[in-house]
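Inspection log for the structure reproduced underneath, given as structure tokens.
The values are calculated or read from the model by the stated rules, or taken from the named source; none is laboratory data. Since the model is a prediction, treat every value here as computed from it, not as a measurement. Quick reminder, even Gly has a Cβ in these numbers, built from the backbone with ideal geometry, and neighbours come from all protein chains shown. Please note that ligands, DNA and RNA were not included when accessible areas were found on the heavy atoms of the full protein model with its side chains. Shrake-Rupley method; radii C 1.70, N 1.55, O 1.52, S 1.80 Å.
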Amino acid sequence: DVQRVLVPEHWLHQKIQITATIQDIRTTKTYTRLRLKGVVNQQGEALDGLLDVYAYRNKQVLSPMMSVQMQVNLHLPRNKLNPDGFDYEQYIFDQHVAATGSVAGDVSLLSQEHSLLHDLRSNIAAALLGVDEEAQGVLLALLLADRSQIPLQIDDAFAASGASHLLAIS
């Protein structure tokens, strides 16, 4: 496990060009987190572990299994200074994430493979486009585990009623 999260020093604290495959995406209103696998830098060096990179103000439509190229600024994961808080370093280690960072500029699409799951998720999301915005957010959360479209007042109502666990289970 330790070998999977080792990152050479020359990968850190500077902008580097990488190519990778998107394994997972999490989108919020302020950022898109890309979990990348098969990461290779421009010198051809491969990284054993995964990367979590954050794209802010991203307007691109990205999906898992896309092969991408981007410039990133990486650092090692670190805990906040709260000693009784969530152990982020241990969590990220257990996920085999070697480093985290941010995307500098745009993400270039190199190729795209579609999985059956991705196609089904896309079809469900497309079918919900005509639904009322609030209902659409709740349905996306329940059906596709995408909480990014739930309006704040609806999210608060779920929390106040004690029904937030329904969204968490999704």
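Within segment 74-89, restricting attention to residues that are within 20 Å of Leu47 (Cβ to Cβ), out of contact with any helix residue (DSSP H, G or I) (no Cβ under 8 Å at 6 or more places or on another chain) and open to solvent by 80 Å² or more (accessible area, probe 1.4 Å), which residue is modelled with the highest pLDDT?
Here the residue is Leu76.
Can you tell me which residue is farthest from Ile150 (Cα to Cα) among those in segment 40-58 that are open to solvent by 30 Å² or more (accessible area, probe 1.4 Å) and of a type in the set (D, E, K, R)? Quick ask: steps written out before the conclusion?
Here is the first cut: in segment 40-58, the residues open to solvent by 30 Å² or more (accessible area, probe 1.4 Å) are 40, 42-46, 48, 54, 56-58.
Among the residues that remain, those that are also of a type in the set (D, E, K, R) are: 45, 48, 57.
On the way: Glu45: 40, Asp48: 36, Arg57: 18 Å.
Filtering segment 40-58 for residues that are open to solvent by 30 Å² or more (accessible area, probe 1.4 Å) and of a type in the set (D, E, K, R), the one farthest from Ile150 (Cα to Cα) comes out as Glu45.
When Lys37 is tested against (1) open to solvent by less than 20 Å² (accessible area, probe 1.4 Å); (2) free of Cβ contacts under 8 Å to residues at least 60 places away in the same chain, just one condition goes unmet, and that condition is (1). Applying the set (1) closer than 24 Å to Leu34 by Cβ; (2) open to solvent by less than 80 Å² (accessible area, probe 1.4 Å); (3) in contact with a Leu (Cβ under 9 Å, 6 or more places away or on another chain) to Gln149 leaves exactly one unmet item: (2).
For Val61, the conditions (1) among the β-branched types (Val, Ile, Thr); (2) surrounded by 17 or more Cβ atoms within 10 Å (Cβ to Cβ); (3) at pLDDT below 90 all hold with the exception of (2).
With respect to the conditions (1) out of contact with any Pro (no Cβ under 6 Å at 6 or more places or on another chain); (2) open to solvent by 80 Å² or more (accessible area, probe 1.4 Å), Ala99 lacks only one, and its number is (2).
Please enumerate the residues belonging to segment 145-170 that are outside any helix (DSSP H, G or I) and not β-branched (Val, Ile, Thr).
First, the residues of segment 145-170 that are outside any helix (DSSP H, G or I): 145-146, 150-151, 162-163, 170.
Within segment 145-170, Ala145, Asp146, Pro151, Gly162, Ala163, Ser170 qualify.
Do we have Ala55 as in contact with a strand residue (DSSP E or B) (Cβ under 7 Å, 6 or more places away or on another chain) and free of Cβ contacts under 8 Å to residues at least 40 places away in the same chain here? Spelling it out, it is not the case that Ala55 is in contact with a strand residue (DSSP E or B) (Cβ under 7 Å, 6 or more places away or on another chain) and free of Cβ contacts under 8 Å to residues at least 40 places away in the same chain.
In segment 16-29 there is no residue matching the filter, namely being open to solvent by 50 Å² or more (accessible area, probe 1.4 Å), among the hydroxyl-bearing types (Ser, Thr, Tyr) and without any contact (Cβ under 8 Å) to a residue 40 or more places away in the chain. Candidates Gly101, Gly162, Gly130, Gly137: the one that is of a type in the set (Gly, Ala, Ser), under 24 Å from Tyr56 (Cα atoms) and without any contact (Cβ under 8 Å) to a residue 40 or more places away in the chain is Gly137.
Considering Leu142, Leu109, which residue is open to solvent by 40 Å² or more (accessible area, probe 1.4 Å) and in a helix (DSSP H, G or I)?
Values: Leu109 fails: in a helix (DSSP H, G or I).
Being open to solvent by 40 Å² or more (accessible area, probe 1.4 Å) and in a helix (DSSP H, G or I) holds for just one of Leu142, Leu109, which is Leu142.
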